[in-house]
Amino acid sequence: MENLGTNSSKGDRNGQNSRERKTWTTALESRFAQVEEVLGSRRRDLVRQILDHPEDTYFLTSRALAKFYSVDTATIVRTIQALGYERYADFAADLRAHFLSRITPYTLMKSAARDKRSIADHVEHSLELDAHSLQALRASMSPDEIIKMARIVDRARRVLVVGVDFAAALAHMLAYALVSIGMDAETPVGSTGNLHQKVLVLGPKDLLIALSFGRCLQDTVDSVICASDNGVPTFGITDSEQSPIARFCDHSWNTSVASPAFHESYVAPVAAINALLVACAQLRPERSLANLQRKEQKFRNRWYSPNRGDERKSKNSKVE
């Protein structure tokens, strides 16, 4: 997980236009661009095929990759050396990062379907990945980092939490919980226009929190860039230091969303959000308790009660 200090490559305010700032490449693409002109045509075509179809090869060993493209292992080794890699493991790590940056529900499901497991094995694999993601989060996230980010959230006059598609559930959970402990937080719903309008009214004393993973969704990235251009502090929860969210936010946390399913697993992001909420609540426990008490008094009738006169009989109750 990335440390929370402001990174000089993020959230710059140097007048760079939005179109230029949205243009980015993976580490593997950058290496290829630097040597493309001097590579032989055979190696150049090989690298292009790998870049265009990373879902077919990111998990392969050098020997298996050579077999996949019907070349000898020495050709693979010399090609990755020409790209500047000393070890195949380093190339494989960048290839996986490249795959994650291009991932879609279709490519994820295609990758999983290629793995000839039983349904039970797929389920077990999913649970194993979730457990691993939580272990990795715990190993990489320090309480001090969480508290530092909680203080930034706490100082904000207003917090706008942006999450689109599957991540909308994460955004709603975070904003709803922040409001419950007395903070002014909101997650925009509805159209892209409504989202952008909400971002445009933010100021330097506010905070935009963005949640997006893998390739990252355009609306979420545009929100970060727009907020940053207007001097609004930004914080992102994503899954890679190379993602647009990590690149453009002032601060970011990286949480694994690895999953064998067609969608990302949000086990680790939810755990990170929970840790942030705990820190936010404990920074001002009196405020948190006062707001939770008011909410409990106001909505005390929201909970199910079997003593209400209009309750229907349960299915397992005896019919007279």
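The values are calculated or read from the model by the stated rules, or taken from the named source; none is laboratory data. The shown structure was predicted, so the numbers you read here are calculated from the model rather than taken from an experiment. As a convention, Cβ positions derive from the backbone with ideal geometry for all residues, glycine included, and neighbour counts pool all protein chains shown.
At-a-glance table
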item	result
Selection from the stretch 45-76 of residues that are surrounded by 16 or more Cβ atoms within 10 Å (Cβ to Cβ) and under 24 Å from the mean Cα position of the chain (by Cα)	Leu51, Pro54, Glu55, Asp56, Thr57, Tyr58, Phe59
Val232, sole failed condition from (1) among the β-branched types (Val, Ile, Thr); (2) touching an Asp or Glu at 6+ places or on another chain (Cβ under 9 Å); (3) touching a residue at least 60 places away in the same chain (Cβ under 8 Å)	(3)
Extreme residue, surrounded by the most Cβ atoms within 10 Å (Cβ to Cβ), among residues of the stretch 119-176 that are in a helix (DSSP H, G or I) and of a type in the set (Val, Ile, Thr)	Val153
Yes/no for Met173 being under 17 Å from Ala279 (Cα atoms) and at pLDDT 95 or above	yes
Sole residue being of a type in the set (S, T, N, Q), surrounded by 22 or more Cβ atoms within 10 Å (Cβ to Cβ) and at pLDDT below 90, chosen from Ser240, Ser317	Ser240
Conditions (1) in contact (Cβ under 8 Å) with a residue 24 or more places away in the chain; (2) of a type in the set (Phe, Trp, Tyr); (3) over 30 Å from Thr26 (Cα atoms): number failed by Trp303	(1)
Pairs, first in contact (Cβ under 8 Å) with a residue 60 or more places away in the chain in the stretch 262-277, second part of a helix (DSSP H, G or I) and small (Gly, Ala, Ser), C-beta under 7 Å, six or more apart	Ser265/Ser133; Val267/Ser133; Ala268/Ser133; Leu276/Ala150; Leu277/Ala177
Conditions (1) under 24 Å from Lys295 (Cα atoms); (2) without any contact (Cβ under 8 Å) to a residue 60 or more places away in the chain; (3) hydroxyl-bearing (Ser, Thr, Tyr); number of the one not met by Ser191	(1)
Scan of the stretch 17-43 for residues that are acidic (Asp, Glu) and either touching a Leu at 6+ places or on another chain (Cβ under 8 Å) or modelled with pLDDT of 55 or more (or both), ordered by number	Glu29, Glu36, Glu37
